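The values are calculated or read from the model by the stated rules, or taken from the named source; none is laboratory data. Please read these numbers as outputs of a predicted model, since none were measured by experiment. Cβ placement follows ideal geometry from the backbone for every residue including glycine, while neighbour counts extend to all protein chains displayed.
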Amino acid sequence: MLPEIENLLRLQEADKEIRRLQDEVAELPKRVAVIEQKLARTKLQLEKAQAAVKTDEAARRKYDTAIADLRGKISKYRDQSLDVKTNEQYKALLHEIQFAEKEIAATEDKILELMVNAEARDKEVKAAQAEMKAEAAEIEKEKAEARLRTAEDEKQLAEWRGKRDQMRAGVNEDLLSHYERVSKFRGSGISEVRDHKCMACQVMLRPQTYNDVRTGQQTVVCDSCQRILYFNPANEMVALEPEHKRSRRHHPKIDAPQAWYYRSDLDGAGEVLLCLNNAAGQASRRVFDLSTGRLLGDILIREGDFRHAFPEDITGAIRLNGNWSEAEMETWGTEMPMTALDSLHTDLEAARYEMTSRTSAKAQVPAAVPTEQAAS
């Protein structure tokens, strides 16, 4: 893996942590604001309850005054009744007294209703005051925690920003500019390649692109999402192993008339795929580029079966699973189809994993115990 890619991976981790801290700092005031809004609603309820109590008290004072006025009138009418000369005048004053007494009774009923309501109003006020007191205490606690958390986050942000500046210094300016541009729009600027695809956008890579990323000799960009790509062999091996025990890889028959092989290098052509066929006492050999699937050179034909005709090509090669008829391969022209190339790539990775597992298993086998020690 290129040093710049390693620096970009560390830079991306720093960017993620910085974004997390920034989001947390921005979120804390929002949490406090929600509690403050709730406190404001409770305060408004308290103010309404208190205003209703004041309104009721004002109404009761008004009614008390009205009753006092009516009683004063009754006293006046009774005094006047002592001086009247006719029955008609007396009846008129008596009628006024009765009317005033009815008004007093009706007003007293209203006062009684206010007194009943006052008890409920008082409960509302006390409940709102208690709720407001609890919410005020909660918001003060939240504010104190927010201040402490914000101070800690700001401290960590300063540290991560310092680290980020150091990491940026270790990346080529053009590559850094590309990373930051893609990160701005996609949230990340670098992605791992695993199982022939970009793990960020999940798009399959072209064989040549995948091979370039695997070699780790140059920076490669995903054609789909424009993220910078990198390859981690350890994760590739993990991806080949399922959650439970991995099923045994199918091995081609040793006497099959057709055989596919992988060679890490063939006559300076680099990594290639070999297709060897037996037909009518002759053996044919096709050589394909591992990355592109393009046919390299002409089809070579020799007498005998392919094991005797091309022993130097088989030596040190990895046998793969593949079986396409001569007629079908004739239709390929100068480049095998992507489905066939992907199939051989997948089997090659499985074969490599199998070889790695076998080597690890052998390394874990304990050394033989000497006979004398075993007997003891």
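Structure notes:
- Condition met for Leu266 (hydrophobic (A, V, I, L, M, F, W, C), modelled with pLDDT of 80 or more and not in a loop (DSSP other than H, G, I, E, B)): no
- Which listed residue, of Ala144, Ala52, Ala92, Ala59, is under 55 Å from the mean Cα position of the chain (by Cα) and either farther than 30 Å from Leu28 by Cα or basic (Lys, Arg) (or both): Ala52
- The stretch 212-226: number of residues that are free of Cβ contacts under 8 Å to residues at least 24 places away in the same chain and either touching a helix residue (DSSP H, G or I) at 6+ places or on another chain (Cβ under 6 Å) or in a loop (DSSP other than H, G, I, E, B) (or both): 2
- For beta carbons closer than 7 Å, sequence separation of 6+ or different chains, a first residue in the stretch 172-199 that is under 12 Å from Cys222 (Cα atoms) and a second that is of a type in the set (S, T, N, Q) and part of a helix (DSSP H, G or I), the qualifying pairs are Gly189/Gln12; Gly189/Ser183; Ile190/Gln12; Glu192/Asn235.
- Of the residues examined, Leu229 is one that is touching a Ser or Thr at 6+ places or on another chain (Cβ under 7 Å), buried (at least 16 other Cβ atoms within 10 Å of the Cβ) and modelled with pLDDT of 90 or more.
- Restricting the stretch 202-211 to residues that are in contact (Cβ under 8 Å) with a residue 40 or more places away in the chain and surrounded by 17 or more Cβ atoms within 10 Å (Cβ to Cβ), the residue that is nearest to Ser188 (Cα to Cα) is Tyr210.
- Taking the listed residues Leu70, Leu46, the one that is part of a helix (DSSP H, G or I) and within 30 Å of Ala134 (Cα to Cα) is Leu46, with no other qualifying.
- Filter pass, Gln129 being polar (S, T, N, Q) and within 26 Å of the chain's Cα centre (by Cα): no
- Residue within the stretch 165-186 that is aromatic (Phe, Trp, Tyr), surrounded by 15 or more Cβ atoms within 10 Å (Cβ to Cβ) and over 26 Å from the mean Cα position of the chain (by Cα) present: no
- Scanning the stretch 195-216 for residues that are at pLDDT 85 or above and among the polar types (S, T, N, Q) yields Gln202, Thr209, Asn211.
- Residue count for the stretch 117-138 under the criterion of being among the β-branched types (Val, Ile, Thr) and either exposed (fewer than 12 other Cβ atoms within 10 Å of the Cβ) or not assigned by TED's automatic domain parsing to the domain that holds Glu36 (or both): the result is 0.
- When Arg358 is tested against (1) on the phi > 0 side of the Ramachandran plot; (2) within 47 Å of the chain's Cα centre (by Cα), exactly one condition is not met: (1).
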